[in-house]
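To start, the structure under review is shown below, and the notes come after it.
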Amino acid sequence: MLLELRGVSLFYNRIQALHEISLEVDQGEVVALIGANGAGKTTTMRAISGLRPIGAGAIHFDGQDISRLRPDKRVIRGLCQSPEGRGIFPGMTVLENLEMGAYTRRDRAGVASDLNRIFELFPRLAERRRQAAGTMSGGEQQMLAVGRALMSKPKLLLLDEPSMGLAPMLIQQIFAIIKEINQQGMTVLVVEQNAQQALKIAHRAYVLETGRIVKSGTGDELLHDPAVKEAYLGVA
Ligand code: ATP
């Protein structure tokens, strides 16, 4: 098990946003966490990355209890989140943003080859490597955020709503890229409102409703689950 949440609860002051969440991500998997607006998807990501302290339960990563570890220490252990809303540096170039992603790494040759791999995955970023990141389109910025996360060479890539605000064609593209990254060996936990696309590429998935996991299964099982179809896939 690479990541395991056991009975995790999280509070915003007195409001309980997560109720004893348990979930697992195995090495090599794509796991999706789907749910409506306000279900607690982003909050789950904050619990995992350490941006919010958990109120109860435990989080294990790569064989260790990280429940009380600072966010930067979790990054060093190989947890990397590409944040919702992108969080790139708008005044820096595409290349500089990607290099920032690798700032904790000492393996120069590895960094150079990963940079090439990212430019192969995202030809748009290669074309725009000298352009200020803030002047690119939303879709391009989203791709940059994913690329930057990959540059840190994480053991687990956390993606928060990678399709948010993208045009349908770009949404397909970003999911195809996530699938490809996974096939190259990266383990991915992706949080998505776009359940259809996420379930298509996920080995397994969890459904979150008002801070509780209400269902789990393989991506395929959930894609064909009548209740999931009705609630999340727009099929009556
Ligand atoms: P969205 O897709 O809209 O971001 P989500 O599934 O990611 O939805 P969260 O953002 O995790 O949902 O929110 C879960 C619950 O926690 C919501 O009821 C929300 O209002 C509440 N919440 C989130 N952030 C805070 C905060 N900083 N302070 C207080 N309540 C919060």
message: Quick check on region 25-149: what does the Kirkwood estimate of hydrodynamic radius come out to from the alpha carbon pairs, in Å?
response: 16.2 Å
field: Rounded if a/c under 1.5, otherwise prolate or oblate - region 90-153, Cα gyration tensor axes
entry: prolate
- request: Note the direction-averaged projected area, equal to a quarter of the hull surface, for the Cα convex hull of the chain, in nm².
  value: 12.4 nm²
query: Can you give me the Cα centroid spacing of region 145-190 and region 194-236 in angstrom?
result: 19 Å
message: How much of the DSSP bridge set in the chain is antiparallel, in percent, rounded to the nearest 5?
response: 55 percent
statement: In the chain, helical segments from DSSP H whose Cα atoms cover 18 Å or more along their own axis and that average at least -1.0 on the Kyte-Doolittle scale are 108-121, 138-151, 168-183
message: Can you pull out the trypsin sites (Lys or Arg not before Pro) in region 4-69 whose DSSP state is coil and whose Cβ has at most 13 other Cβ atoms within 10 Å?
response: R14, R68
statement: Calc'd 3J(HN,Hα), region 20-37, phi into Karplus 6.51 cos²θ - 1.76 cosθ + 1.60 (θ = phi - 60°), Hz, glycine/Pro = x, comes to 6, 7, 10, 7, 9, 10, 8, 3, x, 8, 10, 10, 10, 10, 10, x, 6, 3
Label-point separation in nm, M169 to E20, each point 7 Å along Cα→Cβ: 4.9 nm
field: Efficiency of FRET from Cβ geometry, H224 and Y103, R₀ 41 Å, rounded to 0.05
entry: 0.40
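A short reminder: the numbers here are calculations on the coordinates, not readings from a lab. This one's a predicted model, so the numbers in the text were calculated from it and none came from an experiment. Neighbour counts run over all protein chains shown; Cβ positions are idealised from the backbone, glycine included.
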